[in-house]
1. Would you check if residue 94 is touching a helix residue (DSSP H, G or I) at 6+ places or on another chain (Cβ under 9 Å), on the phi > 0 side of the Ramachandran plot and touching a residue at least 24 places away in the same chain (Cβ under 8 Å)?
2. So, of the residues in the stretch 47-105 that are part of a loop (DSSP other than H, G, I, E, B) and within 30 Å of residue 16 (Cβ to Cβ), which turns out to be nearest to the chain's Cα centre (by Cα)?
3. Quick check, is residue 48 surrounded by fewer than 19 Cβ atoms within 10 Å (Cβ to Cβ) and assigned by TED's automatic domain parsing to the domain that holds residue 22?
4. Name every residue in the stretch 12-32 that is surrounded by fewer than 15 Cβ atoms within 10 Å (Cβ to Cβ) and in a helix (DSSP H, G or I), in order of residue number.
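The values are calculated or read from the model by the stated rules, or taken from the named source; none is laboratory data. Keep in mind that what you see is a predicted model, and the values were worked out from it rather than measured. Counting neighbours? That spans all protein chains shown, and the Cβs are built from the backbone with ideal geometry, glycine included.
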């Protein structure tokens with residue numbers, strides 16, 4: 001369904017005259033689907049003058065860069081509803097997006113290649129990490145990182161791509 005919806009959006013954009021279309025997502029699930037879809041639709045539409053790109057840096061590079069910033073500042077890592085997600089929502093929508101009195105720690109972040117500690121019960125509340133130290137100021141930093149990464153990759157993709165047939 002996810003790919004089909006995005007394909008319909010791209011089809012509509014091409015019909016309406018868009019020449020450079022960039023697919024990107026802000027959630028771990030769906031990145032491969034968007035990448036595959038962009039490659040397939042680029043082949044489909046290049047001869048018609050429209051190019052379709054996938055911008056993976058908006059998710060992958062941003063997560064690496066934000067994690068590095070969080071570590072550098074001695075803050076707890078999070079992978080779902082942790083300090084990064086919560087700070088970003090605080091920056092974008094303040095108290096209308098985040099109920100600060102409801103913030104609770106979740107399950108600990110497990111390092112790549114490691115297994116969760118099975119001797120400790122899971123919190124299992126949908127949070128991985130600890131959102132309480134979140135601040136709107138951190139969210140601004142994370143937002144800027146994401147925008148900077150997206151813009152840099154989009155410029156690189158569009159600037160280095162062969163020009164579509166006119």
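1. Numbers: touching a helix residue (DSSP H, G or I) at 6+ places or on another chain (Cβ under 9 Å): yes; on the phi > 0 side of the Ramachandran plot: yes; touching a residue at least 24 places away in the same chain (Cβ under 8 Å): yes.
For residue 94, the condition - touching a helix residue (DSSP H, G or I) at 6+ places or on another chain (Cβ under 9 Å), on the phi > 0 side of the Ramachandran plot and touching a residue at least 24 places away in the same chain (Cβ under 8 Å) - is met.
2. Applying the first criterion (part of a loop (DSSP other than H, G, I, E, B)) to the stretch 47-105 yields 49-50, 55-59, 73-79, 81-82, 97-99, 103-105.
Those still in the list that are within 30 Å of residue 16 (Cβ to Cβ) too: 49-50, 55-59.
Details: 49: 28, 50: 24, 55: 10, 56: 8, 57: 8, 58: 5, 59: 3 Å.
The qualifying residue nearest to the chain's Cα centre (by Cα) is 59.
3. Here the answer is yes, as residue 48 does meet what is asked.
4. Initial filter on the stretch 12-32 (surrounded by fewer than 15 Cβ atoms within 10 Å (Cβ to Cβ)): 12, 15-17, 20, 26-29, 32.
Listed by number, the residues that qualify are 12, 15, 32.
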